[in-house]
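Below: the structure, in structure tokens.
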Amino acid sequence: MTSGLCFGEQVKKALGNYPNGWYFGDYGINYFMYDKALATSRQLAVYIAAVDKYNKTIDYTGFAGPSFGTVLTATKLYIQAGGASATSAKLATLVQKFAGPQWGISGPMTCVTSARCSSRQSAASTSASRSSRAAMWAPVPGAYNNKLINAFS
């Protein structure tokens, strides 16, 4: 079991492929799985399309996607706080009251601190015996089968 950082392209390149049977904890979405019924999958498709349009050579995996989502959410909160006239106190209040949705995060959100809002995650496993890139990933518990893990219960 490893974090979503390890399903980055750099790990795949270093190992030659993702090892058979590994489990990857993630944020409710996976760069290599798509389900059009999930808002997070549709958001991820927008992110990957932007990567394809502006710089296909960057490593868009690992923490890059969630970081992109965090920047979008922080920008939204900054604008709500008054933009250039925003204060730290106003931003802190907005963050503590923030209940989502946040780009790229599946499941409910409750911000108990300014550093932790999402309490759900999922996992996917790999199977080296599968032929296509997309088919090599299987959701274990997660957004793809409506079984997100409550990491803080």
Here FRET efficiency (C-beta to C-beta, Y78 to V46, R₀ 22 Å, nearest 0.05) is 0.60
Here the gain from full extension of Y23 to I58, 0.36 nm per residue of separation minus their alpha-carbon distance, amounts to 10.2 nm
Mean Cβ-within-10 Å packing, highest first, puts peptides 84-97, 7-20 in the order 7-20, 84-97
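Quick note: the coordinates plus some simple rules give every number you see, no bench work behind them. Here the structure is a predicted model, which means the values were calculated and not measured. Here the Cβ is made from the backbone with ideal geometry for all residues, glycine too, and neighbour counts use every protein chain on show.
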